[in-house]
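Visitor: Here it is, the structure in full.
Quick note: the coordinates plus some simple rules give every number you see, no bench work behind them. Model, not experiment: these values are computed from the prediction. Cβ: placed from backbone, ideal geometry, glycine included. Neighbour counts: every protein chain shown.
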Amino acid sequence: MPLLSVIIITKNEAHNIEDCLKSVAWADEIVVFDSGSTDNTVDICRRYTDKVFITDWPGYGAQKQRALEAATGEWVLSIDADERVMPQLKAEILSQIPHTSYDAFEITFSSEYCQKVIRFGDWWHDTQAVLFRRNQARFISLLAHERIEIQGNIGNLKSNIHHLAYPNLDLVLKKMNDYSSLSAKQKQTEGAKGSVLKAVFRGLWTFMRGYIFRLGFLDGKEGFLLAISNAEGTYYKYIKLMYLNKS
């Protein structure tokens, strides 16, 4: 049985995926689930692994659960195409998983906004349990984001995953639109209500929380822009929810 499997979901990630795959090429197994790329994402992935599956798109959580079920390693690392495993993290993973009593590890994400690493605001201490024993975890299916449910004890690694979250403003606007739409649909399934008043106040609170209370101003102009982007995303989520419920 392989010790470590890396699972990745993709669609039209030709600009990202090779650097991601290079950063995990040392893993025992790489599993890629692609949901119909029209660029050469799949061709690039096949240079690094023979476990490339082309499927439909059932949502983030469901797609990652498919990838998890196709993995065979004792341990699984779940990453995205815009994330990189740096050498320090590689060394820490390889030193920890053969002997640890933990069932999963939380890893901190070092994320970029317009080519600046963000250290404060809403991305401050962004940690996720993305390294886990295969049989001790499952992905919860959500429309906008996935959530990993871990059974067992969770430890922490010191090294970071480098996340190229928003390399430019064009992608900021695209992701804000996409995620606000998906989040609105998720909220609708939960029975939530939207209104102009709620959108304004939730958006304002999101800005205050990230920029003031979580010290986003210490990240300079990018910290301000990120707080604005997050506030806009929240505002549009509740406006879209209002119209979804109305229709």
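Visitor: Sorting Leu142, Leu131, Leu4 on the 10 Å Cβ count, fewest up front, what's the list? Write out the running numbers ahead of the final one.
Guide: Working: Leu142 16, Leu131 27, Leu4 22.
Sorted ascending by nearby Cβ count, the order is Leu142, Leu4, Leu131.
Visitor: 7 Å from Cα along Cα→Cβ at both Lys90 and Glu149: what's the point-to-point distance in nm?
Guide: Calculated label separation equals 3.5 nm.
Visitor: Continuing with this model, one more query. How far apart, in nm, are the 7 Å Cα→Cβ label points at Leu215 and Thr189?
Guide: Each label point lies 7 Å from its Cα, and together they span 3.7 nm.
Visitor: Could you list Trp26, Trp75 in order of exposure, starting from the residue whose Cβ has the fewest other Cβ atoms within 10 Å? Before the final figure, lay out the partial values.
Guide: On the way: Trp26 13, Trp75 25.
Arranged by neighbour count, lowest to highest, Trp26, Trp75 become Trp26, Trp75.
Visitor: Given R₀ = 30 Å, what would the calculated FRET efficiency be for Phe201 paired with Thr100, taking r from the Cβ atoms and rounding to 0.05?
Guide: After rounding, the FRET efficiency stands at 0.10.
Visitor: Filter the trypsin sites (Lys or Arg not before Pro) in the range 186-247 down to the DSSP loop ones having no more than 12 other Cβ atoms within 10 Å, then list what survives.
Guide: Qualifying residues, ordered by number: Lys193.
Visitor: Tell me, how many Å apart are the Cα centres for the range 65-110 and for the range 170-186?
Guide: Between the Cα centre of the range 65-110 and that of the range 170-186, the gap is 27 Å.
Visitor: Between Arg46 and Glu74, what is the FRET efficiency for a Förster distance of 25 Å, r being their Cβ-Cβ separation, to the nearest 0.05? Could the numbers behind the result be given before it?
Guide: Working: r = 25 Å, r/R0 = 0.99.
The pair Arg46/Glu74 has a calculated efficiency of 0.50.
Visitor: Multiply the residue separation of Leu142 and Ser35 by 0.36 nm, subtract the distance between their alpha-carbon atoms, and state the gained length in nm to one decimal.
Guide: Working: separation 107, 0.36 × 107 = 38.52 nm, distance 1.67 nm.
Gain on extension, Leu142 to Ser35, equals 36.9 nm.
Visitor: Per DSSP H run of at least 4 residues, take -39500 (n - 2.57); add these up for the chain, divide by its residues and hand me the 222 nm value, nearest 500 deg cm²/dmol. Spell out each step's value before the answer.
Guide: Numbers: 7 runs with 95 residues, N = 247.
Result for the chain: -12500 deg cm²/dmol, rounded to the nearest 500.
Visitor: Another question, if that's okay. Return Met86, Met176 ranked ascending by Cβ neighbour count within 10 Å, so the fewest neighbours appear first. Spell out each step's value before the answer.
Guide: Numbers: Met86 14, Met176 19.
Going from least to most buried by this count: Met86, Met176.
Visitor: List the residues whose amide H sits under 5 Å from the amide H of Trp75, counting only those 5 or more places along or on another chain, with H placed 1.01 Å from N in the peptide plane.
Guide: Residues meeting the amide H criterion: Leu4, Ser5, Arg134.
Visitor: Residues in the range 133-150 near a label at Trp57, defined as backbone nitrogen under 20 Å from the 7 Å Cα→Cβ point?
Guide: Under 20 Å, as judged by backbone N against the label point of Trp57, lie 140-147 of the range 133-150.
Visitor: To continue, here is another question. What is the pair-distance distribution P(r) of the range 11-143, computed from all Cα-Cα distances in 10 Å bins starting at 0, with each bin given as a whole percent?
Guide: 11, 39, 39, 11, 0
Visitor: When the chain is treated as a GNM, springs tying every alpha-carbon pair under 10 Å, which of Leu171, Leu143, Leu226 comes out with the largest mean-square fluctuation?
Guide: Residue with maximal mean-square fluctuation among Leu171, Leu143, Leu226: Leu171.
Visitor: What is the angle, in °, between the Cα long axis of helix 196-208 and the longest principal axis of the Cα atoms in the chain? Nearest 10 is fine, range 0 to 90.
Guide: 60
Visitor: Below 8 Å between Cα atoms, with a sequence gap of 6+, how large is the relative contact order for the chain in percent?
Guide: Values: 499 pairs, mean separation 46.9, N = 247.
19 percent.
Visitor: For the range 210-247 and the range 1-57, compute the distance between their C-alpha centroids and round to whole Å.
Guide: 32
Visitor: On to the next question. Which one, Pro58, Ser183, Val130, projects farthest toward the positive side of the charge dipole computed for the chain from Cβ point charges (K/R +1, D/E -1)?
Guide: Ser183
Visitor: Just name one of Gly203, Leu169, Tyr243: the one whose Cα is farthest towards the positive end of the charge dipole of the range 169-246 (beta-carbon charges, Lys/Arg +1, Asp/Glu -1).
Guide: Result: Tyr243, furthest along the dipole toward the positive end.
Visitor: Give me the lysines in straight-line cross-link reach of Lys185: C-alpha distance below 27 Å, same-chain residues under 8 apart excluded.
Guide: Partners within reach: Lys11, Lys64, Lys174, Lys175, Lys193, Lys198, Lys237, Lys240, Lys246.
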